[in-house]
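J.: Mind looking over this structure? Questions follow.
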Amino acid sequence: MKVGFIGLGHMGTAMATSLLQAGHEVAVYNRTPSKAHGLIDRGARLAARVADACQGDAVITMLADDDAVEAVVFGERGLLQNLGKRTIHVSMSTISVTMADRLADLHATADQRFVAAPVFGRPDVAAQGKLFIVAAGKPDVIDACMPLFDAIGQRTFRIGEVPHAANLVKLSGNFLIGSVLEALSEAMALIQKAGIDPHRYFELLTSTLFTGPVFTNYGGLIANKSYQGAGFAATLGEKDLRLALAAAERLRVPMPLASLVHDRLQTLIARGGAQLDWSAIGQLAANDAGLR
């Protein structure tokens with residue numbers, strides 16, 4: 001397929017690489033063109049403007065937040081005004097339910113095809129084409145996107161025809177990951193304060209009770225205090241918890257644990273940890289316990 005790819009952060013670059021490796025023709029756009037150099041060396045074409053990435057079979061947006069989506073999608077030079085007649089907009093960004101609704105409504109008004117398809121997985125997983133994709137939209141439009149999803153992910157979960165459902169599922173999943181981070185961090189601080197080796201504790205946990213990837217990946221980061229070179233920065237985690245809470249308020253669903261985790265991420269950021277991995281909540285728990 002001919003696909004445009006907009007947004008070349010760690011995740012976007014890895015996903016675009018998987019598309020190229022699967023044989024798709026990829027045109028890449030990023031506000032900082034230098035981030036596209038590695039992909040161009042692998043066979044991608046540089047799109048000088050947003051419009052140049054919007055004329056194939058599909059265009060994927062993988063952007064940091066609602067503001068970045070706003071900047072790329074709207075306005076005379078934006079995606080909405082320049083989308084090809086049969087080009088599908090695939091929004092893979094983790095954005096608010098409100099923004100997802102806005103995108104869906106405007107695309108429908110313009111008789112354009114739109115799918116929300118956020119992903120679960122860190123950049124190293126994306127580089128292997130092993131993400132999990134949560135897709136929502138019209139079934140025939142999702143069908144048309146499956147060659148792209150198969151290149152990027154190991155499995156696609158169809159959530160329904162209302163696009164924002166995929167974004168709500170993604171936000172709820174990140175809330176759960178954040179909750180695990182807080183629990184792991186507190187437990188690690190507890191055993192370390194008692195003089196127990198955190199690496200042995202981590203091995204015990206991930207060999208017995210908690211064998212899933214969230215525990216094995218993030219537990220290792222917390223045990224090793226490997227918070228630099230963020231796979232998922234604290235600012236992004238804070239944003240996702242804030243958006244989950246906004247969706248919960250809209251639906252009148254109390255989420256006290258989400259509020260706690262959001263506050264912890266805000267504290268981490270306020271103390272200079274904005275660019276650390278969000279697992280650096282472990283650093284907060286250690287500091288609170290008086291550990292160096």
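Every number here is computed from the coordinates shown, using simple stated rules; none is lab data. Quantities reported herein were computed from a predicted structural model and do not represent experimental measurements. Every residue, glycine among them, receives a Cβ derived from its backbone with ideal geometry; neighbour counts consider all protein chains shown.
J.: Starting with the fewest neighbours, write out S259, S279 ranked by other beta-carbon atoms found within 10 Å of each beta-carbon. Before the final figure, lay out each step's value.
T.: On the way: S259 14, S279 28.
Sorted ascending by nearby Cβ count, the order is S259, S279.
J.: Within segment 161-181, what residues put their amide N at less than 13 Å from the label point 7 Å along the Cα-to-Cβ vector of M146?
T.: none
J.: What spacing in nm lies between the two simple spin-label points modelled at E249 and E186, each 7 Å away from Cα in the Cβ direction?
T.: A separation of 2.4 nm, rounded to one decimal place.
J.: Which one, R158, R252, R122, has the greatest fluctuation when you compute a Gaussian network model over the chain with C-alpha springs under 10 angstrom?
T.: Among R158, R252, R122, the largest GNM mean-square fluctuation belongs to R252.
J.: Sticking with this one: Between segment 218-254 and segment 258-292, how far is it from one alpha carbon centroid to the other, in angstrom?
T.: Answer, in whole Å: 11.
J.: A further question on this structure: Between K85 and Q275, what is the label-point separation in nm under the 7 Å Cα-to-beta-carbon projection?
T.: 4.7
J.: Please express the shape of segment 2-162 as an equivalent ellipsoid: the semi-axes are the square roots of 5 times the eigenvalues of the C-alpha gyration tensor, given largest first in whole angstrom.
T.: Numbers: eigenvalues 86, 69, 41 Å².
Working through the eigenvalues yields semi-axes of 21, 19, 14 Å.
J.: Let me confirm the definition first: pairs of Lys residues in the chain, 8 or more apart or on different chains, C-alpha distance under 23 Å. How many are there?
T.: Summing the qualifying lysine pairs gives 11.
J.: How do T109, T156 line up, fewest other C-beta atoms within 10 Å first? Show your work: numbers first, answer last.
T.: Details: T109 9, T156 19.
Fewest-to-most ranking of T109, T156: T109, T156.
J.: Give the span of the chain's Cα atoms along each principal axis, as three whole-Å numbers ordered largest to smallest.
T.: Dimensions of the chain along the principal axes of its Cα atoms: 64, 46, 34 Å.
J.: Report, in cubic angstrom per residue, the convex hull volume of the C-alpha atoms of segment 168-288.
T.: 100
J.: Report the Cα centroid-to-centroid distance between segment 29-77 and segment 153-205 in angstrom, as an integer.
T.: 30
J.: Here is a follow-up. Taking a quarter of the surface of the convex hull around the Cα atoms of segment 1-78, what do you get in nm²?
T.: Averaging across all directions leaves 4.6 nm² for the Cα convex hull.
J.: Also, quick follow-up: Given points 7 Å out from each Cα along the Cα-Cβ axis, report the R158 to I196 separation in nanometres with one decimal.
T.: 4.6
J.: Moving on to the next point. Over all distinct alpha-carbon pairs, what is the Kirkwood Rh of segment 79-138 in angstrom? Could the numbers behind the result be given before it?
T.: Working: mean 1/r = 0.0796 Å⁻¹.
Averaging 1/r across every pair of different Cα atoms and inverting gives 12.6 Å.
J.: While we're on this one: Normalising by the residue count of segment 159-279, find the relative contact order in percent from Cα pairs under 8 Å and 6+ residues apart. Mind showing how you got there, number by number?
T.: Details: 108 pairs, mean separation 39.0, N = 121.
Reported relative contact order: 32 percent.
J.: Here is a follow-up. Give me the number: length gained by fully extending L257 to L176, i.e. 0.36 nm times residue separation minus the C-alpha to C-alpha distance, one decimal in nm. If you can, show how the numbers build up before the last one.
T.: Values: separation 81, 0.36 × 81 = 29.16 nm, distance 0.95 nm.
The span from L257 to L176 would gain 28.2 nm if fully extended.
J.: Farthest toward the dipole's positive end in the chain, which of T87, G282, A47, given Cβ charges of +1 (Lys, Arg) and -1 (Asp, Glu) about the Cα centre?
T.: The one lying farthest along the dipole's positive direction is A47.
J.: Can you give the helix-only mean residue ellipticity at 222 nm for the chain, where every DSSP H stretch with n ≥ 4 adds -39500 (n - 2.57) and the sum goes over all residues, rounded to the nearest 500 deg cm²/dmol? Could the numbers behind the result be given before it?
T.: Working: 13 runs with 152 residues, N = 292.
Result for the chain: -16000 deg cm²/dmol, rounded to the nearest 500.
J.: How long is the gain from S226 to D288 if the chain were fully straight, where each residue apart is worth 0.36 nm and the alpha carbon distance is subtracted?
T.: That works out to 20.5 nm of additional length.
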